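The values are calculated or read from the model by the stated rules, or taken from the named source; none is laboratory data. Keep in mind that this is a model prediction, so the values were computed, not measured. No Cβ is skipped: glycine too gets one built from the backbone with ideal geometry, and neighbour counts run over all protein chains shown. Remember, those area values only see protein heavy atoms, side chains included, never the ligands or the DNA or RNA. Shrake-Rupley method; radii C 1.70, N 1.55, O 1.52, S 1.80 Å.
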Amino acid sequence: MYKYIAKRLMLMIPTLFGAAVLVFILLRMIPGDICEVRMAGSGMYFDQEAIDVCRENIGLNKPLPLQFIEFVGGYFTLDLGTSMWTEKPITHEIQLRFALSLQVAIMATIVAIAIAIPLGIISAVKQNTWIDYAVRVFSIAGIAMPSFWLGILIILGLLVYSQAWFGEPWMPPIVYVPPWEDPIGNLSQLIWPAVATGYRYSAVAARMTRSALLEVLREDYIRTARAKGLIEKVIINRHALKNAMLPVVTIIAIEFAFLIGGLVVTEQVFNLNGLGKLFVTSVGNQDYTMTQQLVMIVVLVFVLVNFAVDIFYAWLDPRIRYS
Amino acid sequence: MVTLSEAQVEAKFEQLAAKPTLSKRLWEFCRKQPLGAAGAAVVLVMIFMAVFADYITHFDPVKNDLANMLTAPDETYILGTDQFGRDAFTRIVYGARTALLVGFVSAFAGATIGLVLGVASAYFGGRFDLLFQRVMDVVMAFPLIILALAVVATLGTGVQNVIVAITIPFIARSARVVRSNALAIREIPYIDAARALGYSHTRIILRHMAPNVMAPYLIILTASLGQAILLEAALSYLGLGVQEPIPSWGLMLQGGAEEFAETAPWIAIWPGVAISLAVFGFNLFGDALRDILDPKLRAR
Amino acid sequence: MKVIFSKLAVATVVGAGLALAAGGVANAAEMPKRGGILTYLNPAEIPSYDAHRETTFGVVHPLGPMYSLLIRVNPDNPQSATDFTCDLCEGKVPSPTDGGKTFTFKIRKGIKFQSGAPLTAHDIVATYKKIMWPPDGIPSSRKAFYRMVDTLTAPDDFTVVFKLKWPSGAFIPALAAPFNWIYSKADLDKHGLNWHTKNVNGTGPFLFVQDQQGSFTEGKRNPNYHHMGLDGKPQPYLDGIKAIVATKLAVRVQAIRGDRAAIEFRGFPPAHRDELVKALGKDITVQESDWNCALFFTPNHESKPFDDARVRRALTLTLDRWSGSQYLSKIAIVKTVGGVVFPNHPFAATKAELTKLAGYGEDAKANLAEAKRLLKEAGISTLKVNFVNRGVDQPYKVVGTWGIDQWKKAGIDATQQVLPTPAFYDTLRKTKKFDIAIDFNCQSVINPIADITKFLGTSGANNGNYKDQPLEDIYAKIEKSGDETEQRKLIRDYEKRALSDEAHMLLTLWWYKINPHRSYVKGWKIAPSHYLNQQLDNIWLDK
């Protein structure tokens, strides 16, 4: 087992390195220059010298190999560098936003689970009845709607209906407060993006719950249980569900990994100052150093979750370890 | 009088015999997979709209008509007009072309390239497989927006480049799934037999292995169709997708949807409905297909 | 200026006045109330805290209230292009002596920086030296505005003297630039000239509390502020300010609607104004103004056949500006048809003068016929245009879509290439792979003589890739002429050459600023630029 873990860990290194090379090259392939954006972007008069000085100050004039060494070398010296836009340390910028993104991701996952598992079970138990169809239509609708569109409709709906019912238009807060400072304010801001994203992500998990459960229900031991005259509820709860959960948990874990990167659009719509918004801003500003680190975070989370899933499976099924 | 050869007569008979079977099969599909059939119907309507756009509506989807801007839905403009006086219904109908083009081309290209690469990776195995897998890992893990930006920025905006940007992650995903299925096939003796016969690698990969992973291929393909349409919309929303004045649902939602969401809600609602319905249709159909082809295949 | 109240709003203002009068307080409606926190929206993210180097309003809106200027645009009359008042100086803005070449400013006493250090003339001198003559490696974006300044001295602790090389009407407007925050000399000496990129220490109406990058900036009332309020006590009226970053337009509109913020100082498109007024009625007050920003289609003179003036003239003739103004003002933040100078300025062309320029005539059909004739004359049957636009809706993409449709009428086939902002600037300024590009000129203080440098081929901000010596010559005369009548006449020649004869740049329309805000925000008056009148010392909340 340890050997397998070590092997899988080693395999992460080329992936991470490859991603580092890729992001470094891709970013520099995209035409544009942070200093031009900063100075010329406002349409206001500016001094060409200001642009030259800016380029020099943030290190854009350094040779590319040196820039790459500074980027990758930072992981060994534990110095992620400074943002080219604000010239503040990247760790500080990320720290500011990490809690928010993580909270939304966790809340969205909880919402997704809360929707997906009951629906998946109902759908499987009532397979091919109108209930099954209704549930599936509901859950596929979640994945079919563009998330930004859903977000717009949610905010507009809140504004319009709160005014219609209570006289005053209400919208979720637009400044983040940590849950330990103001739990109600925090919740009333983040519940909406969590629902919008969670509903979307529930579709895949619901489908997985349904098919996994159906598969298990066809197994011999369930038939035996049925033959023994156990009531359906007990069969589902005690026997089938437990065995069907493995692929469901896996898919939720993988979705969670995607979620970190998938919040990009949601954070825009709800004005959340999280990593997704920082990412869009940094890309829009051509802030190389910041974008590089954010991409690496997304890649790292993805790789780690996949690693955890693999290890988990290997632990369950020893054959994998030796293949 | 036309005379038929014996073989032709036989073929004719077979054809006649097959006909009821086909409709019967269709009926069977509708009965067993009513949702899938509904999805297929939505897709067919979309294809119909895209193909016969010129006949369905007589408005120009691109030309501005500033005298009639922001008209609410009425008899002439059944879904109203946008801020440039363009008929919203017309743009939705023509937008189906863009959506289908982006959807089909990127899904086909992504799934097919992924199929070939995935099979090749499984077939050759060893170092090539290991290296290839790492590359796919990187692509899978990489944020789409950066890839899209790089593609759009280096190639320029335009439908074809949006397709490229969307296809790349599809390749990685298809290759992954196909490879894991192809690994099992590689072990089957007839591949060894083909090798012993001295067939070229290309021939073995394309003729002997690829056809045997059709089920996962088709499933990935149909799942990608809806996603491609959604991705196109998301890229447009972030300003990286198809550009004005090309009619595209994602583009219709981008500026107008938010700006006129309340003063002219028809601009915001219908393109969103069109996207949702299309993706909905493709997903329902894809799910049904998955159930038929391989009920045991996992969601990924 | 036009201040539009919805009918209901007028009714309540009157109603409130009556209610208070009944309570026995005369003129209470006019008297500012004290207290409260103003939350407003910042549509851009702060790059660095040092306004001397930055060009974005994203730094002026949240941090401007923490600083003072030497002189400023009159906050009670910001629509005037010539009404400047003292901020840190005493009395009126001084008139020049020595034949218009010497300006002597008396500095107010008793002003303190947030750090507690007293402000003296030396702080102002040190600040302006950093702005006008920065050492190598210290960026200063607008140092060219002060080319006419010869020396700057502080003869005593409360006097500052600027001596000019030549008399210039552009000097006072340049001094009033909202970026010229006065820093403490002690800070500059002790911490260096880059210290202010990350630190705030000013003498403004508000003291810096905190800035959370990408989220919000907070300030609290400066008890030692130097301007008096209408109630005879020192300003500001507010207890504090909070600028919330919201880069998405829809979010900003929703935030005002849901009262998460009271105002946004940049400007909303007309549809959002209508939405807010419809939803909130009396609770929304709308202020509107011409905006000191002009939107251009700039032909690339290095790309054939756009080197041919006839082709460029045909392109500008095709644009029906008068009808365009009517329609576009309903869907975009542009409105006024104008020439090279800001429409409300005395130097601006009158309508009679304007209609003589190519593409400004009111007969759109005749313009179109002339455009077709010119194209024919230039030997062009089908003209294909690679039109590069910036990936931002308002107003670029909206006006771009209009332009393409206009050109189509003359058989000109333009394909739009919309690029994200960085790639757009790369194309515009480095690779130059475009036939026509969207382009704009957006300045703060209305200062025509500085603002019209945009049209000079030698200007760093010019993107048309042309050289036009006669135009440069006219400009040189404008710059050095001391007589306003003569300047106005010269500007007409300049305008005709730049926009009509040579049609170097196709000016589409001037921007139009619309600020719908919560009606309880009082005392703020819209300026013709989103950079101006942003110190917020005279704002109060009627809650």
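May I ask you to list the residues in the range C:458-481 that are part of a loop (DSSP other than H, G, I, E, B) and at pLDDT 90 or above? Step through it out loud before you land on a result.
Let us first name the residues in the range C:458-481 that are part of a loop (DSSP other than H, G, I, E, B), namely C:458-468, C:481.
Answer for the range C:458-481, where residues must be part of a loop (DSSP other than H, G, I, E, B) and at pLDDT 90 or above: C:ASN463, C:GLY464, C:ASN465, C:TYR466, C:LYS467, C:ASP468.
Would you confirm whether any residue within the range A:46-56 is open to solvent by less than 10 Å² (accessible area, probe 1.4 Å) and within 14 Å of chain C (Cβ to nearest Cβ)? Show your work before the answer.
Step one: list which residues in the range A:46-56 are open to solvent by less than 10 Å² (accessible area, probe 1.4 Å), which gives A:50-51.
With within 14 Å of chain C (Cβ to nearest Cβ) added as a condition, the list becomes A:50-51.
Yes, that holds for at least one residue.
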Report task. Answer yes if at least one residue in the range B:224-235 is open to solvent by 10 Å² or more (accessible area, probe 1.4 Å), more than 20 Å from B:ASP287 (Cα to Cα) and free of Cβ contacts under 8 Å to residues at least 12 places away in the same chain, and no otherwise. Result -> no
Query raised in the report: Taking C:TYR494, is it within 25 Å of C:SER141 (Cα to Cα) and buried (at least 20 other Cβ atoms within 10 Å of the Cβ)?
Result: no
Query raised in the report: Say we look at the range B:115-154 and pick out the residues that are within 19 Å of B:ARG186 (Cα to Cα) and facing another protein chain (nearest Cβ under 9 Å); which of these is least open to solvent (accessible area, probe 1.4 Å)?
Result: B:GLN133
Report task. Out of the residues in the range C:369-420 that are basic (Lys, Arg) and within 14 Å of another protein chain (Cβ to nearest Cβ), state the one that is farthest from C:ARG321 (Cα to Cα). Result -> C:ARG390
Report summary line: Filtering the range A:60-71 down to residues that are under 23 Å from C:ASP136 (Cβ atoms) and either among the aromatic types (Phe, Trp, Tyr) or within 14 Å of another protein chain (Cβ to nearest Cβ) (or both) yields A:LEU60, A:ASN61
Report summary line: The strands (runs of 3 or more DSSP E) lying entirely within the range C:184-279 that contain at least 2 residues which are modelled with pLDDT of 95 or more, more than 30 Å from A:SER101 (Cα to Cα) and hydrophobic (A, V, I, L, M, F, W, C) are C:206-212
**Report entry** Tally, over the range A:233-283, of residues that are over 25 Å from A:PHE307 (Cβ atoms) and among the acidic types (Asp, Glu)
**Finding:** 1
Query raised in the report: Does the range C:384-399 contain any residue that is within 30 Å of C:ALA476 (Cβ to Cβ) and either buried (at least 20 other Cβ atoms within 10 Å of the Cβ) or among the aromatic types (Phe, Trp, Tyr) (or both)?
Result: no
Requested in this report: Scan the range B:112-140 residue by residue and report those that are in contact with a Lys or Arg (Cβ under 9 Å, 6 or more places away or on another chain) and either among the basic types (Lys, Arg) or within 30 Å of B:VAL51 (Cβ to Cβ) (or both).
Outcome: B:GLY114
Query raised in the report: Can you find a residue in the range A:76-97 that is among the aliphatic types (A, V, I, L, M), modelled with pLDDT under 90, over 27 Å from B:LEU144 (Cβ atoms) and touching a strand residue (DSSP E or B) at 6+ places or on another chain (Cβ under 8 Å)?
Result: no
Query raised in the report: Does C:LYS365 satisfy the condition of being without any contact (Cβ under 8 Å) to a residue 40 or more places away in the chain and either within 14 Å of another protein chain (Cβ to nearest Cβ) or assigned to a helix (DSSP H, G or I) (or both)?
Result: yes
Report task. Being closer than 15 Å to C:LEU509 by Cβ and among the small types (Gly, Ala, Ser) is the filter here, so list the residues in the range C:319-363 that pass it. Result -> C:SER323, C:GLY324, C:SER325, C:SER329, C:ALA332, C:GLY338, C:GLY339, C:ALA348, C:ALA349, C:GLY359
**Report entry** Residue tally, condition in contact with a Lys or Arg (Cβ under 9 Å, 6 or more places away or on another chain) and either in a helix (DSSP H, G or I) or open to solvent by less than 20 Å² (accessible area, probe 1.4 Å) (or both), over the range B:255-268
**Finding:** 2
Query - Evaluation of A:MET44 against (1) aliphatic (A, V, I, L, M); (2) assigned to a helix (DSSP H, G or I); (3) touching a strand residue (DSSP E or B) at 6+ places or on another chain (Cβ under 7 Å) (one fails), failing number - result: (2)
Query raised in the report: So which pairs qualify, if the first residue must be in the range A:234-262 and at pLDDT below 70, the second must be among the polar types (S, T, N, Q), the Cβ gap must be under 9 Å, and the two must be at least 6 apart or on different chains?
Result: A:ILE260/A:SER101; A:GLY262/A:SER147; A:GLY262/A:THR197
Requested in this report: Report whether or not C:THR458 is within 14 Å of chain A (Cβ to nearest Cβ), of a type in the set (S, T, N, Q) and surrounded by fewer than 19 Cβ atoms within 10 Å (Cβ to Cβ).
Outcome: yes
Query - Complete set of residues in the range C:280-306 that are within 11 Å of another protein chain (Cβ to nearest Cβ) and open to solvent by 20 Å² or more (accessible area, probe 1.4 Å) - result: C:ASP283
**Report entry** 3 or more residues closer than 30 Å to A:MET245 by Cβ, away from chain C (no Cβ under 14 Å) and open to solvent by less than 40 Å² (accessible area, probe 1.4 Å): qualifying helices (runs of 4 or more DSSP H) within the range A:76-188
**Finding:** A:90-125, A:130-144
Report task. Please give the helices (runs of 4 or more DSSP H) falling wholly within the range A:209-304 in which 3 or more residues are assigned by TED's automatic domain parsing to the domain that holds A:TRP192. Result -> A:241-269, A:275-285
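Quick one: is A:MET12 touching a residue at least 60 places away in the same chain (Cβ under 8 Å), facing another protein chain (nearest Cβ under 10 Å) and surrounded by fewer than 19 Cβ atoms within 10 Å (Cβ to Cβ)?
On the way: touching a residue at least 60 places away in the same chain (Cβ under 8 Å): yes; facing another protein chain (nearest Cβ under 10 Å): yes; surrounded by fewer than 19 Cβ atoms within 10 Å (Cβ to Cβ): yes.
When the stated conditions are applied, A:MET12 passes them.
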Requested in this report: For the range B:72-108, name all the residues that are under 17 Å from B:ILE220 (Cα atoms) and open to solvent by less than 30 Å² (accessible area, probe 1.4 Å).
Outcome: B:LEU100, B:VAL102, B:GLY103, B:SER106, B:ALA107
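Any residue in the range C:422-431 that is out of contact with any Ser or Thr (no Cβ under 6 Å at 6 or more places or on another chain), among the charged types (D, E, K, R), surrounded by fewer than 23 Cβ atoms within 10 Å (Cβ to Cβ) and away from chain A (no Cβ under 12 Å)? Walk me through it before giving the result.
Pass one, the range C:422-431, residues out of contact with any Ser or Thr (no Cβ under 6 Å at 6 or more places or on another chain): C:422-431.
So of that shortlist, the ones also among the charged types (D, E, K, R) come out as C:426, C:429-430.
Filter once more, so that each one left must be surrounded by fewer than 23 Cβ atoms within 10 Å (Cβ to Cβ): C:426, C:429-430.
Now drop any that are not away from chain A (no Cβ under 12 Å), which leaves none.
For the range C:422-431, residues out of contact with any Ser or Thr (no Cβ under 6 Å at 6 or more places or on another chain), among the charged types (D, E, K, R), surrounded by fewer than 23 Cβ atoms within 10 Å (Cβ to Cβ) and away from chain A (no Cβ under 12 Å): absent.
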Report task. List every residue pair whose Cβ atoms lie under 9 Å apart, where the two residues are 6 or more positions apart in sequence or sit on different chains, the first residue falls within the range B:196-215 and is within 10 Å of B:ILE185 (Cβ to Cβ), and the second residue, located anywhere, is open to solvent by less than 30 Å² (accessible area, probe 1.4 Å) and of a type in the set (Ser, Thr, Tyr). Result -> B:MET209/B:TYR123; B:ALA210/B:TYR217
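Taking C:TRP511 as the residue in question, decide whether it is over 26 Å from A:ALA50 (Cβ atoms) and crowded, with 22+ Cβ neighbours inside 10 Å.
no
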Requested in this report: Looking at (1) more than 27 Å from C:GLY240 (Cβ to Cβ); (2) within 22 Å of the chain's Cα centre (by Cα), find the lone condition where C:ASP493 falls short.
Outcome: (2)
Requested in this report: Could you please tell me which pairs satisfy a Cβ distance under 9 Å, a separation of 6+ or placement on different chains, a first residue in the range A:55-74 that is outside the structural domain of A:MET290 (by TED's automatic domain parsing) and farther than 24 Å from C:PRO47 by Cα, and a second residue that is small (Gly, Ala, Ser) and not in a helix (DSSP H, G or I)?
Outcome: A:LEU66/A:GLY59
